[in-house]
Each structure stands twice: as structure tokens, then as C-alpha cells.
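Have a look at the structure below, then the notes.
Read-outs throughout are calculated quantities, based only on the coordinates presented, and are distinct from any laboratory measurement. These numbers come from a predicted model, not from an experiment. So basically every Cβ, Gly included, is an ideal-geometry build from the backbone, and we count neighbours across all protein chains shown.
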Amino acid sequence: MDQHIKNEVFDYAKAWILEAGERIRSKIDSPRSIETKSNANDLVTEMDQETEQFFAKKIKDTYPQHYLFGEEGFGDEIEDLGGTVWIIDPIDGTMNFVHQKRNFAISIGVYFEGIGEVGLIYNVMEDVLYAVKRGEGAYKNDQRLPDLSEKRPLKESILALNTSWLIPENPHVEHNGMEELVKTLRSTRSYGSAALEFAFVAEGVLDGYLTMTLMPWDYAAGSILVREVGGIVTRADQEELDLLNSTTVLASRANIHKEISENYVQLKK
Ligand code: 2AM
Ligand code: CA
Ligand code: CA
Ligand code: CA
């Protein structure tokens, strides 16, 4: 991606994400209509939809030749990652947004010919912005994030892990390996926002994040951010991520990535 365009896209994305976040904060106590999507616990609100529409208008007005791939469907039908594609989750952690009024984020990843160039994750209620331009450093607000150079062993690591993947009947991963993993780790955490879990890995406050069913907008920004500080982001079986479909994801410090995948994660079928 041309450097001038990359800088410009970053500056617009940053301005828009802050504006969208301000709008959400100003309406956080307003009454809201909550609908369900694939099941009774899969929530969506008008705020998810309005926020994605806000980005759709900004992008179309500013860059009519760019594409938008967003969770709530106000963007384009994407069949490949040719050209410039904005992959956006307008509210990541909708359940937290509804139940806790905190612990949710707006996530924007901008891809050029399939390569993540610009990533932003905005922790809206904390007013903390994680931002990256590929090859130019990752930031938490104005503070540059250091490389994840420490080789912390697995037994001293904290892994973000949703308890669903420990239920024996879960269709994705063998229970025994996950149980051994939990016993080996120092501890686990679950924040309920994939984007924030990536941001915390990049920040070094989590050592890794393992999950079984992420969509592209959940990790489009987070994967750029974690890689920029030297972390590894792949599918749970160490294969390359598929940016168009649901996927497993393992994001972690470099020294524990292979160990988690090979010794503990046994995917079903
Ligand atoms: P969302 O809030 O944007 O829907 C919760 O553990 C995390 O998983 C959130 O990042 C949430 O994103 C995401 N999530 C929720 N339902 C999902 C689904 N059916 N498939 C993939 N990710 C989902
Ligand atoms: Ca959702
Ligand atoms: Ca999401
Ligand atoms: Ca969402």
C-alpha cells in the first residue's frame, strides 16, 4: 500500500473510530432494543447497526473504490481480498455492551491485496485506542508497545480461553487436551471481546488467546497488532488464517505458540 494512502487511511480511521466511540458513550444509558441473531444469546442492538452504518457512509464518501466487510451487513459482499478492504466490527463484545456497559470495542482492520496494513481497536468506555501501521510499531494511546520478547514458560502464562471449549460436548476441540492445558497454565481469563483479547496479548498482559470460532472482523485488527509486536497469530492448528470465513485462532507470544498447538489442541474431525 502506498505510504501516503496508508497514512491517510490511518488518520481517517482513527478520527472515525474516536467519533463513533464518543457517540456510543453519549448514548450508553439510553434505552435500547435488543434483538437476537443465530440463537437466544447472540445479541445485536441498534447501536451495532448504527455504528457500522456510520463507518459505511464515511468510507463510501471518502473512498468510493474501497470495500467494507462488516459484521452487520451494511458493507459489501466480499468474495476475495483484492483491492482495499476495511474489515470492521462495529461493537465487539455486544453482550458486554448490553449487560455490563463496558468491556467492548470497535475494531477496524484495513487490508490491501490481502495484507493487513492498518489496525485499530478502541476500548470505548476506557477511552483506550490500540493502533498499528504494519512495520511502523503498535501503540496503546501514545505509548509504543514493546516487543513480546520475554520467553515466559507455559506454566507461568495466562491464556485467554472461553470455558465453552472445555465442555466435553463442544464440537471443536478434544476435551482432554484442553483440560491438560488449563492444568499446565498459570491461569485463564475470558473477557468476552475477541478484539480486546488480541489487544491484551499485544500489550503483554495476556500471554495468549485461543478460540475456536472467530469471524474475520473479530481478528482483522487484532492479528495485525499482535504480529507487529512479535507475537504469532495462526489457526489453532498453526495453519494460515482464512480471512473470509469462521476459523479457530491461536495468538500468543512466540515461544509458547507451537507448544500449545502441538501438545494440547486436538481439533475434532
Ligand atoms: P461480537 O460481540 O461482535 O458478536 C465473545 O466471546 C466474542 O466472540 C466476541 O468477540 C463476540 O463478538 C464473538 N462472537 C459472538 N458470537 C459469535 C459467533 N457466533 N461466532 C464467532 N464469534 C462470535
Ligand atoms: Ca455479533
Ligand atoms: Ca465480534
Ligand atoms: Ca460485533
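Would a scan of the range 96-103 turn up a residue that is within 11 Å of ligand 1 (Cβ to nearest atom), closer than 24 Å to Leu243 by Cα, under 19 Å from the mean Cα position of the chain (by Cα) and touching a residue at least 24 places away in the same chain (Cβ under 8 Å)? Please lay out each step first, then the result.
Of all residues in the range 96-103, those within 11 Å of ligand 1 (Cβ to nearest atom) come to 96-98, 103.
Then drop every residue that is not closer than 24 Å to Leu243 by Cα, which leaves none.
No, the conditions are met nowhere in the range 96-103.
Can you name the condition, by its number, that Met178 falls short on among (1) in contact with an Asp or Glu (Cβ under 8 Å, 6 or more places away or on another chain); (2) surrounded by 13 or more Cβ atoms within 10 Å (Cβ to Cβ)?
Met178 satisfies every listed condition except (1).
Scanning for something crowded, with 18+ Cβ neighbours inside 10 Å, in contact with a His (Cβ under 8 Å, 6 or more places away or on another chain) and of a type outside the set (D, E, K, R), does the range 181-195 turn up at least one residue?
no
Quick one: Glu52 ticks every box in (1) under 19 Å from Ala220 (Cβ atoms); (2) surrounded by fewer than 18 Cβ atoms within 10 Å (Cβ to Cβ) except a single one, so which number is it?
Result: Glu52 fails condition (2) only.
In the range 66-95, which residues are β-branched (Val, Ile, Thr) and either within 16 Å of ligand 1 (Cβ to nearest atom) or buried (at least 23 other Cβ atoms within 10 Å of the Cβ) (or both)?
Scanning the range 66-95 gives Val85, Ile87, Ile88, Ile91, Thr94.
Considering only residues that are without any contact (Cβ under 8 Å) to a residue 60 or more places away in the chain, within 26 Å of Gly114 (Cβ to Cβ) and acidic (Asp, Glu), look in the range 28-75 and name the one that is nearest to ligand 2 (Cβ to nearest atom).
By that ranking, first place goes to Glu72.
Do any strands (runs of 3 or more DSSP E) entirely within the range 1-109 hold 1 or more residues that are under 25 Å from Met125 (Cα atoms) and out of contact with any Leu (no Cβ under 8 Å at 6 or more places or on another chain), and if so, which?
Working: elements: 34-36, 43-45, 67-70, 84-92.
The qualifying strands (runs of 3 or more DSSP E) are 43-45, 67-70, 84-92.
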